[in-house]
Amino acid sequence: MESLPIIDIAPLYQADRQGWLTVANAIDHACRHWGFFYIKGHPISAERIGQLQSAAQAFFALPLADKLSIDITQTRHHRGYGAIATEQLDPERPSDLKETFDMGLHLAAEHPDVLAGKPLRGPNRHPELPGWQALMEGHYRDMQALAQTLLRAIALALDIEEDFFDQRFKDPVSVLRMIHYPPRQTASSADQQGAGAHTDYGCITLLYQDSAGGLQVRNVDGQWIDAPPIDGTFVVNLGDMMARWSNDQYVSTPHRVISPLGVDRYSMPFFAEPHPDTRIECLPGCQDISRPAKYPPTTCAEFLLSRFADTYAYRREQAEVI
């Protein structure tokens, strides 16, 4: 339990059933014992990653006033730029030493969900950088497709309908995020971390991280271990929503980022979340008389909004107004 498993998912892009079962079994084992694993053999190219890295560096190097023109705290659908210390993932520590850009499924202002004021629904808010919007929107679609491929393998592992998640991920509230972690010496205090210890809120997260390092995962013994960058891979972890779906058979594992010394760190997580009205309740086969369902049913939107209120002061203020 000193290093995360690495799973080659290339068989998920082939027709061989045995290859699918082999990958599904490997993912199942990782989900039950770690809640974290690396994937290789995915279709996201090194060229794409390089383009995204360059775009992230260009965006976060903009003057603060330019970034704040798409300030995330001025929206109700959680899109745009989050300045340093906007988030506080660990309530026992200072707000996080990172700045962010968030986008989701673009819904125009005249879309029925937007007109109805549904939470987490709305248009994306992009910076005015050449090629940025097309690059980001295209990558969002490709990451959603990758996430749903993994979810089909998870459905196979959990012995539920193989299209269970596909049915629930139409018009999802998935989020693509760009993160910049300034060097550790810029922290406001010795207690300020890049990202405080937390579990993710949603279904599954796929993370690209650059060569700077800093991601740590808490193992079953309560020890923090490094999850170093491995070229050509994504780190995958489960969120609290998947833990609820699986009745805690699958683990949502605490993790954190310790900002590196002397260098900037960039990462790009993709948070795969279903349609906001999706009912989140114990899956068939994950409960029985000796193992009853631990959590009451909820919806994707209700659950995510409750977690956002714990992390973002501006979300709590908006909820109080509503």
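Restricting the search to helices (runs of 4 or more DSSP H) fully inside the stretch 35-122 and requiring at least 3 residues that are modelled with pLDDT of 95 or more and aliphatic (A, V, I, L, M) gives 46-60.
Of all the numbered requirements in (1) modelled with pLDDT of 90 or more; (2) in contact with an Asp or Glu (Cβ under 6 Å, 6 or more places away or on another chain); (3) not acidic (Asp, Glu), Pro274 misses one, and that requirement is (2). Within the stretch 195-213, the set of residues being within 22 Å of Ala56 (Cβ to Cβ), part of a strand (DSSP E or B) and of a type in the set (Gly, Ala, Ser) comprises Ala195, Gly196. Evaluated against (1) surrounded by fewer than 19 Cβ atoms within 10 Å (Cβ to Cβ); (2) more than 19 Å from Arg184 (Cα to Cα); (3) touching a Ser or Thr at 6+ places or on another chain (Cβ under 8 Å), Pro63 falls short on exactly one condition, (3).
Tell me, which residue of the stretch 21-41 that is hydrophobic (A, V, I, L, M, F, W, C) and out of contact with any helix residue (DSSP H, G or I) (no Cβ under 6 Å at 6 or more places or on another chain) is farthest from Phe270 (Cα to Cα)? Let's see the steps before the verdict.
Quick first cut of the stretch 21-41, residues hydrophobic (A, V, I, L, M, F, W, C) only: 21, 23-24, 26-27, 30-31, 34, 36-37, 39.
Filter again for out of contact with any helix residue (DSSP H, G or I) (no Cβ under 6 Å at 6 or more places or on another chain), leaving 21, 26, 30-31, 34, 36, 39.
Details: Leu21: 25, Ala26: 21, Ala30: 19, Cys31: 18, Trp34: 19, Phe36: 14, Ile39: 14 Å.
Result: Leu21.
The residue list Val251, Val235 contains one member that is in a loop (DSSP other than H, G, I, E, B) and aliphatic (A, V, I, L, M), which is Val251.
Set side by side, the residues Thr75, Thr100 differ, and just one is hydroxyl-bearing (Ser, Thr, Tyr) and touching a helix residue (DSSP H, G or I) at 6+ places or on another chain (Cβ under 8 Å), which is Thr100.
Among residues of the stretch 266-294 that are on the phi > 0 side of the Ramachandran plot, those with a Cβ under 8 angstrom from a residue that is surrounded by 12 or more Cβ atoms within 10 Å (Cβ to Cβ), sequence gap 6+ or separate chain, pair up as Gly285/Leu158; Gly285/Asp159; Gly285/Ile160.
The values are calculated or read from the model by the stated rules, or taken from the named source; none is laboratory data. From a predicted model like this one, the values you see are computed outputs, not experimental measurements. Cβ atoms come from the backbone with ideal geometry, glycine included; neighbour counts cover every protein chain shown.
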